[in-house]
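Taking it in order: structure first as structure tokens, then the write-up.
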Amino acid sequence: MKKVDRYVYPAVFTYEPGQEIAVVFPDLDVATSGEDDADALTSARELLGITLFGLEEDGKTIPVPTPLSDIIHENNEHACLIDVYMPSVRLANENKSVNRTVTLPAWLNAAALEHNVNFSQVLQDALKLQLHISR
């Protein structure tokens, strides 16, 4: 099944004096916040992307977005559509780094440190060679 490239979901921005702007995605039951409109929008888009990515990865059904006109909100709230471009989200998560503990002889560690060896790069290069991966 082909994955969707772009999702668009309604979000409700709540404004309270002296507080960050709260952002809720009613269809996804997730929320975030931001110091100002730009920060709240950025946080909302990031949350939308990672939430939908998680649903995709878990093989769960992606909820159908509620039409913006059906979103009910209070006077201190504003509803708007937030979009996310999923190929970017997927690629960012594909290239996410993970930590691994490696054991090696103390003399080899000392020699590598003396020569400013980048352990991560050496391990990546060796694994690619061992696994016949060219990228």
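The values are calculated or read from the model by the stated rules, or taken from the named source; none is laboratory data. The model shown is predicted, which means the values in this text are computed figures rather than measured ones. Here the Cβ positions follow ideal geometry from the backbone for every residue, glycine too, while neighbour counts run over all protein chains shown.
Here are the numbers:
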{"quantity": "Subset of segment 51-86 [without any contact (Cβ under 8 Å) to a residue 40 or more places away in the chain and in a helix (DSSP H, G or I)]", "calculated": "THR51, GLY54, LEU55, GLU57, SER69, ASP70"}
{"quantity": "Verdict on ASP83 being over 14 Å from the mean Cα position of the chain (by Cα) and either surrounded by fewer than 13 Cβ atoms within 10 Å (Cβ to Cβ) or under 29 Å from ARG135 (Cβ atoms) (or both)", "calculated": "no"}
{"quantity": "Test: residue in segment 81-94 that is assigned by TED's automatic domain parsing to the domain that holds GLU20, in contact with a Pro (Cβ under 8 Å, 6 or more places away or on another chain) and not small (Gly, Ala, Ser)", "calculated": "yes"}
{"quantity": "Filter pass, LEU104 being in a loop (DSSP other than H, G, I, E, B), surrounded by fewer than 13 Cβ atoms within 10 Å (Cβ to Cβ) and either touching a Phe, Trp or Tyr at 6+ places or on another chain (Cβ under 6 Å) or at negative phi (or both)", "calculated": "yes"}
{"quantity": "Test for SER120: is it assigned to a helix (DSSP H, G or I) and either within 15 Å of ARG6 (Cα to Cα) or not assigned by TED's automatic domain parsing to the domain that holds GLN19 (or both)", "calculated": "yes"}
{"quantity": "Some residue of segment 12-20 being farther than 20 Å from PRO65 by Cα, in the same structural domain as GLU74 (by TED's automatic domain parsing), surrounded by 15 or more Cβ atoms within 10 Å (Cβ to Cβ) and in contact (Cβ under 8 Å) with a residue 60 or more places away in the chain", "calculated": "yes"}
{"quantity": "Some residue of segment 30-44 being assigned to a helix (DSSP H, G or I), within 19 Å of ASP5 (Cα to Cα) and at pLDDT 95 or above", "calculated": "yes"}
{"quantity": "Matching residues in segment 21-52 - criterion: being over 15 Å from PRO65 (Cα atoms), in contact with a helix residue (DSSP H, G or I) (Cβ under 6 Å, 6 or more places away or on another chain) and surrounded by 18 or more Cβ atoms within 10 Å (Cβ to Cβ)", "calculated": "ILE21, VAL23, THR32"}
{"quantity": "Considering residues of segment 87-111 that are of a type in the set (Lys, Arg) and without any contact (Cβ under 8 Å) to a residue 60 or more places away in the chain only, the residue nearest to LEU48 (Cα to Cα)", "calculated": "LYS96"}
{"quantity": "Where a residue in segment 120-135 is closer than 16 Å to ARG100 by Cβ and its partner, wherever it lies, is surrounded by 11 or more Cβ atoms within 10 Å (Cβ to Cβ) and small (Gly, Ala, Ser), with Cβ under 9 Å and at least six apart", "calculated": "VAL122/ALA112"}
{"quantity": "Filter pass, PHE119 being surrounded by 12 or more Cβ atoms within 10 Å (Cβ to Cβ) and touching a helix residue (DSSP H, G or I) at 6+ places or on another chain (Cβ under 6 Å)", "calculated": "no"}
